[in-house]
Amino acid sequence: MFRRHRRLRQNEVIRSMVRETFLHPSDFIYPIFVVEGTNIKKEISSLPGNYHFSIDRLHEIVKEMTEVRVKSVILFGIPDHKDECGSGAYDENGIIQKAIRKIKELNKDIYIITDVCMCEYTSHGHCGIIHGEDVDNDETLEYIAKISLSHAKAGADMIAPSDMMDGRIDAIRDILDENGYKNIPIMAYSAKYCSAFYGPFREAADSTPEFGDRKTYQMDPANVREAMLEIEDDIDEGADIIMVKPALSYLDVIRVARDRYDVPVAAYNVSGEYAMIKVAAKAGLIDEKRIALEMLTSIKRAGAKMIITYYALEAARWLKEE
Ligand code: PBG
């Protein structure tokens, strides 16, 4: 006697009845890159199919999102001006603040998450204030808090700090609460690894560090227990959602986090993961649609409740076809 597993694989009706994991457009968060200037919709060479948008052309992408029913975005800004302390990041009229107001004006139902970091705004490209050769943790916290507050004031729905300084969730929660933003949730990039998979993003966001690397603040790819400590502290400090980033090489981290903590887990399907598929598809080596959906399904199966992905719109369109 043996079990006939193939009985439940006979046709699509029964296969979909026993299917354990489903993707839905509401799982996806779409990253948008906003630049200064006018009339710009320029394809990002390192992220084919994704664009730099100037504020006056954001309506095009908002319309597309609405059509495919992807309702949340994470915003990244590329400012014209950079300095030592990343002042463009907390300027009331900074690129992100203007983009938030514009998107809300176009469609108030788009859920806006903002990436809070300094690397796109600092002249040296690091994620904080530099003293000597390294980022000063505690001084950076004041800036991270200030940036978060300015995003909330501009109308952001959720704040997502990606800087990896210790104590940032505490600092952000405090400043938001003190200023009347008690109901703005924080999605913490909790287990953010020092990864080579961010390469295409750094080209897109012009945020490559001028010297050194991010190893003193982002995590060592070899560690999973340390990730649990990071997550635990973020939850203690008030994080509403925790994130694992990147996703694909860290599915085990997502799974352990899901099993151990009850707050929702987000995963960032990062630029390198996207670019590898795009390039292989272009070379005719793989079936892009099947691979992309398989990848997104695996991230969800590992335990992620939501996925930040450059495939958001395309995947939503593919799901609609099925
Ligand atoms: C900012 C930030 C980065 C990414 C998201 N926020 C770059 C980095 O940490 O170097 C990477 C996203 C991606 O690769 O898609 N700190």
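Below, the figures for the structure above:
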item	result
Residues of segment 45-70 satisfying the condition of being in a loop (DSSP other than H, G, I, E, B) and touching a strand residue (DSSP E or B) at 6+ places or on another chain (Cβ under 6 Å)	70
Of all residues in segment 1-42 being touching a residue at least 24 places away in the same chain (Cβ under 8 Å) and assigned to a strand (DSSP E or B), the one that is farthest from residue 301 (Cα to Cα)	35
Residue 162 vs. criteria in contact with a helix residue (DSSP H, G or I) (Cβ under 9 Å, 6 or more places away or on another chain), near the ligand (Cβ under 10 Å from one of its atoms) and either of a type in the set (S, T, N, Q) or without any contact (Cβ under 8 Å) to a residue 12 or more places away in the chain (or both)	no
Candidates 162, 190, 195, filtered to the one that is farther than 25 Å from residue 138 by Cβ and hydroxyl-bearing (Ser, Thr, Tyr)	195
Top-ranked residue of segment 244-286 - restricted to ones that are more than 18 Å from residue 32 (Cα to Cα) and acidic (Asp, Glu), ranked as surrounded by the fewest Cβ atoms within 10 Å (Cβ to Cβ)	262
Matching entry among 227, 152 (being of a type in the set (Gly, Ala, Ser) and within 16 Å of the ligand (Cβ to nearest atom))	227
Residue in segment 230-262 that is farthest from the ligand (Cβ to nearest atom), counting only those that are touching a strand residue (DSSP E or B) at 6+ places or on another chain (Cβ under 6 Å) and outside any helix (DSSP H, G or I)	240
Top-ranked residue of segment 89-119 - restricted to ones that are in a loop (DSSP other than H, G, I, E, B) and either modelled with pLDDT under 95 or touching a His at 6+ places or on another chain (Cβ under 6 Å) (or both), ranked as surrounded by the most Cβ atoms within 10 Å (Cβ to Cβ)	118
Qualifying positions in segment 142-168 - among the aliphatic types (A, V, I, L, M), over 20 Å from residue 130 (Cα atoms) and part of a helix (DSSP H, G or I)	149, 152, 154
Pair list, Cβ < 7 Å and 6+ apart or interchain, from segment 213-225 residues that are on the phi > 0 side of the Ramachandran plot to residues that are within 16 Å of the ligand (Cβ to nearest atom) and not in a loop (DSSP other than H, G, I, E, B)	none
Tally, over segment 173-204, of residues that are of a type in the set (Ser, Thr, Tyr) and within 12 Å of the ligand (Cβ to nearest atom)	4
Some residue of segment 75-88 being crowded, with 23+ Cβ neighbours inside 10 Å and in a helix (DSSP H, G or I)	yes
Qualifying residue in segment 130-137 (condition: among the hydrophobic types (A, V, I, L, M, F, W, C) and over 22 Å from residue 202 (Cα atoms))	no
Failed criterion for residue 207 (all others in (1) under 23 Å from residue 242 (Cα atoms); (2) within 12 Å of the ligand (Cβ to nearest atom) hold)	(1)
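The values are calculated or read from the model by the stated rules, or taken from the named source; none is laboratory data. Keep in mind that this is a model prediction, so the values were computed, not measured. In this analysis, Cβ positions are derived from the backbone assuming ideal geometry, glycine residues included, and neighbour counts consider all displayed protein chains.
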